[in-house]
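First the structure, in the form of structure tokens, and then the observations on it.
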């Protein structure tokens, strides 16, 4: 019998590995292809559209496969992680090694990288989410599982901070590649541990069957006997539709932040104002701060409930976004570069540069 603490540890190691690879991938792939490989804009947009389509298709496809297909890599959640771990590490490494020059080659490199990554990312991510629900049904155990899994996610998300300092923000690209290879190998080992120890309640029930009647029924309890049209009808209920919209907004915000924060900050904040060392630390803290908050606020979430925690979080996001917009709108811009001043003068029709100080804010945002 595998103890609950060992199963929680196994799940936490999977979260750590999953978080470390996904944080690095989403943080760096845009910067690498734009600044390092110099991909053309049309190929970048094409890759993103194909990635969007494939991402929408593979989620329900892999969910159906994991629950209804009996193969060695789908019999249980832990086996899905065990057999997919090496492919996950391989998909993580594909973007960082150039396929050679040429616009078409670079574009195909990005398309293959995104689709390969999202395929394994979705497959393991679904298994991990289901594993969380199936390890234990008790609310106390799940709260403990959340706390330790977020601790593992916190440690894993520090990979961005480590790589930022090791590679000097991709200035030492060879060190970045070597570090990514080591990180991929380490994550593979962690997920292998998960695959051998993260037993669910269904797995334990089958293991304890003295007569062996459930030896080939690892999917028991996960499959539904209801007709498909009744399951499809649930997709159009009010609560489910609201959940989909909310989850879309959440994932859109999270993905945009993870992919483009480094590009936006590098363009808006000069290196003369913020040193590269501080900038690298900030980039690492962005991915670590949410996990830290979850770890220390888990008891509070247990008291107020998940629904209220999510609702207050979205209220904070909306008010915080509006506040930041107003702060940006009311900020007086300082233009120290003569070329920027000249371009600004031409765009708003100011006849002389000295009149820049007399402009109204309405003219700036015209």
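The values are calculated or read from the model by the stated rules, or taken from the named source; none is laboratory data. Every value quoted in this text rests on a predicted model; they were computed, and no experiment measured them. Positions of Cβ are backbone-derived with ideal geometry, glycine not excepted, and every protein chain shown enters the neighbour counts.
In region 88-195, which helices (runs of 4 or more DSSP H) lie fully inside it and hold 2 or more residues that are more than 30 Å from residue 298 (Cα to Cα) and in the same structural domain as residue 55 (by TED's automatic domain parsing)? Explain how you work it out, then say what you get.
Working: elements: 103-135, 139-157, 159-167.
Once the helices (runs of 4 or more DSSP H) in region 88-195 are filtered for at least 2 residues that are more than 30 Å from residue 298 (Cα to Cα) and in the same structural domain as residue 55 (by TED's automatic domain parsing), what remains is 103-135, 159-167.
Name the one entry in 13, 46 that is over 24 Å from residue 157 (Cβ atoms), assigned by TED's automatic domain parsing to the domain that holds residue 112, in contact (Cβ under 8 Å) with a residue 40 or more places away in the chain and in a helix (DSSP H, G or I).
Numbers: 13 fails: over 24 Å from residue 157 (Cβ atoms).
Sole residue among the options that is over 24 Å from residue 157 (Cβ atoms), assigned by TED's automatic domain parsing to the domain that holds residue 112, in contact (Cβ under 8 Å) with a residue 40 or more places away in the chain and in a helix (DSSP H, G or I): 46.
How many residues does region 98-112 hold that are surrounded by fewer than 18 Cβ atoms within 10 Å (Cβ to Cβ) and over 21 Å from the mean Cα position of the chain (by Cα)?
Qualifying residue count, region 98-112: 9.
Of the residues 156, 152, 125, which is buried (at least 21 other Cβ atoms within 10 Å of the Cβ), under 29 Å from residue 57 (Cα atoms) and modelled with pLDDT of 85 or more?
Working: 152 fails: under 29 Å from residue 57 (Cα atoms); 125 fails: buried (at least 21 other Cβ atoms within 10 Å of the Cβ).
Sole residue among the options that is buried (at least 21 other Cβ atoms within 10 Å of the Cβ), under 29 Å from residue 57 (Cα atoms) and modelled with pLDDT of 85 or more: 156.
Going by the structure shown, is residue 213 assigned by TED's automatic domain parsing to the domain that holds residue 88, in a loop (DSSP other than H, G, I, E, B), more than 30 Å from residue 302 (Cα to Cα) and modelled with pLDDT of 85 or more? Spell out the reasoning first.
Numbers: assigned by TED's automatic domain parsing to the domain that holds residue 88: yes; in a loop (DSSP other than H, G, I, E, B): yes; more than 30 Å from residue 302 (Cα to Cα): yes; modelled with pLDDT of 85 or more: no.
Here the answer is no, as residue 213 does not meet what is asked.
Restricting to region 54-94, count the residues that are crowded, with 20+ Cβ neighbours inside 10 Å, over 19 Å from residue 130 (Cα atoms) and free of Cβ contacts under 8 Å to residues at least 60 places away in the same chain.
Number of matching residues: 1.
For region 170-192, state whether one or more residues are over 25 Å from residue 284 (Cα atoms) and modelled with pLDDT of 75 or more.
Kept after step one, since they are over 25 Å from residue 284 (Cα atoms), are these residues of region 170-192: 192.
Now drop any that are not modelled with pLDDT of 75 or more, which leaves 192.
Taking every residue of region 170-192 in turn, at least one turns out to be over 25 Å from residue 284 (Cα atoms) and modelled with pLDDT of 75 or more.
Answer with yes or no whether residue 265 is under 27 Å from residue 12 (Cβ atoms), part of a helix (DSSP H, G or I) and at pLDDT 75 or above. I'd like the intermediate steps shown before the answer.
Numbers: under 27 Å from residue 12 (Cβ atoms): no; part of a helix (DSSP H, G or I): yes; at pLDDT 75 or above: yes.
Considered against the rule, which asks whether it is under 27 Å from residue 12 (Cβ atoms), part of a helix (DSSP H, G or I) and at pLDDT 75 or above, residue 265 comes out as no.
Report the residue count in region 329-344 for those that are at pLDDT 50 or above and either surrounded by 10 or more Cβ atoms within 10 Å (Cβ to Cβ) or within 24 Å of residue 247 (Cβ to Cβ) (or both).
6
What residue, of 235, 231, 257, is at pLDDT below 75, touching a helix residue (DSSP H, G or I) at 6+ places or on another chain (Cβ under 9 Å) and assigned by TED's automatic domain parsing to the domain that holds residue 69?
Numbers: 231 fails: touching a helix residue (DSSP H, G or I) at 6+ places or on another chain (Cβ under 9 Å); 257 fails: at pLDDT below 75.
Unique residue meeting the criteria: 235.
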